[in-house]
Amino acid sequence: MNFDRSLNASPGVEVRLSPLVSRVLAPNPGPFTFKGTGVYILGAGASVAVIDPGPNLPNHIESLKRVLGPRRVSHILVTHTHRDHSPAAAAVKTWSGAKTYGLPLASRSAAPAPLEGAVDEAHDHDFVPDIAASDGMLIDGDGFSLECVATPGHTANHICYALVQEHALFSGDHVMGWSTSVIAPPDGNMGDYFASLEKLKARGDRILYPTHGSPIADPQEWLGQLILHRHMREDQILAGLARGAHSVPELVEKLYPVLEAALRPAAAQQVMAHLEHLQAGGKVGREGGRWRI
Ligand SMILES: [Zn+2]
């Protein structure tokens, strides 16, 4: 896949991306956050909404406050409750009085991951939205309106927000241009993720704004590639099983032969997520840690 790693932005600086959309980068770069969390500010008037206020880092929260200046924050929207997305909501709410929107943490998310070495995208257990967003719900702001689009998969509580006036969609970690998304069971679910990719593909959004990395200018094409990529991975897993790899580590070895050690746990989770999806479709069976066709 042709990933876009061109984003060149400095933390704490507001960059205008369209008449109604600007972005401030948080200073939290990393293997799962790329250059950092992109906090989106929506609206051109005296009141704005903030999407994914970001991590709980004092210098980031200070930057956000300085950048927003005299503008009133009317809504705080959260795509999901990973710690690089929602924790700053509490501080923004304290100074602005704005209500928070999003989905609460799903109960299955509290279950321990089936594999050692979980990815570093732990959940923010403190975030409880003032208003639970739901699929199709409309949120009106000062000169803009948003439609909530439920997109479980990366997490069970992932939701996107579509900006009606610009046919744009804030895709969180569900669809990114710099990388594929991490699907870590049991909170992440590959079957849900496939369905949520198809759901966005069936929409007519003209641009996607992921929380990490640059905007995606051709959503239909990119979504198609992501779907193909995942089908290819499942074919590779079936081929690996046919050739005698029966455990997750054996399959990781076959699928990702030149992977750096830090990314192995995430790769193992992807394989596990695919195996569970194949099992749900009746294509593979399992006995303990041994998988077979
Ligand atoms: Zn995430």
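The values are calculated or read from the model by the stated rules, or taken from the named source; none is laboratory data. Just so we're clear, the structure is a prediction, and the values are computed from it rather than from any experiment. Neighbour counts are summed over all protein chains in view; Cβ atoms, including those assigned to glycine, are modelled from backbone coordinates with ideal geometry. SASA here: full protein model, heavy atoms, side chains in, ligands and nucleic acids out. Shrake-Rupley method; radii C 1.70, N 1.55, O 1.52, S 1.80 Å.
Determine the pairs where a residue that is surrounded by fewer than 21 Cβ atoms within 10 Å (Cβ to Cβ), located within segment 265-276, has a partner that is charged (D, E, K, R) with Cβ atoms under 8 Å apart, the partner being 6 or more residues away or on another chain.
Listed by first residue and then by second, the contacts come to 265/116.
Across segment 30-46, what is the total count of residues that are within 12 Å of residue 211 (Cα to Cα) and open to solvent by 10 Å² or more (accessible area, probe 1.4 Å)?
Total satisfying the criteria: 4.
With the requirement that a residue be open to solvent by 20 Å² or more (accessible area, probe 1.4 Å) and either in contact with a helix residue (DSSP H, G or I) (Cβ under 8 Å, 6 or more places away or on another chain) or at pLDDT below 95 (or both), what does segment 206-218 give you?
206, 207, listed by residue number.
Kindly provide the set of residues from segment 134-161 that are of a type in the set (A, V, I, L, M), within 16 Å of the ligand (Cβ to nearest atom) and closer than 17 Å to residue 211 by Cβ, ordered by number.
Result: 150, 159.
Could you list, in sequence order, the residues of segment 178-188 that are in contact with a His (Cβ under 9 Å, 6 or more places away or on another chain) and either open to solvent by less than 10 Å² (accessible area, probe 1.4 Å) or not in a loop (DSSP other than H, G, I, E, B) (or both)?
181, 183, 188
Got a sec? Which strands (runs of 3 or more DSSP E) wholly within segment 1-96 have at least 1 residues that are out of contact with any Phe, Trp or Tyr (no Cβ under 6 Å at 6 or more places or on another chain) and within 27 Å of residue 156 (Cα to Cα)?
The qualifying strands (runs of 3 or more DSSP E) are 21-25, 38-42, 47-51, 72-77.
Quick check on my filter: what residues within segment 242-268 are in contact with a Phe, Trp or Tyr (Cβ under 6 Å, 6 or more places away or on another chain) and in a helix (DSSP H, G or I)?
Within segment 242-268, 267 is the sole residue that qualifies.
Just need a number here: residues in segment 120-147 that are touching a Pro at 6+ places or on another chain (Cβ under 7 Å) and outside any loop (DSSP other than H, G, I, E, B).
Residues that pass the stated criteria total 1.
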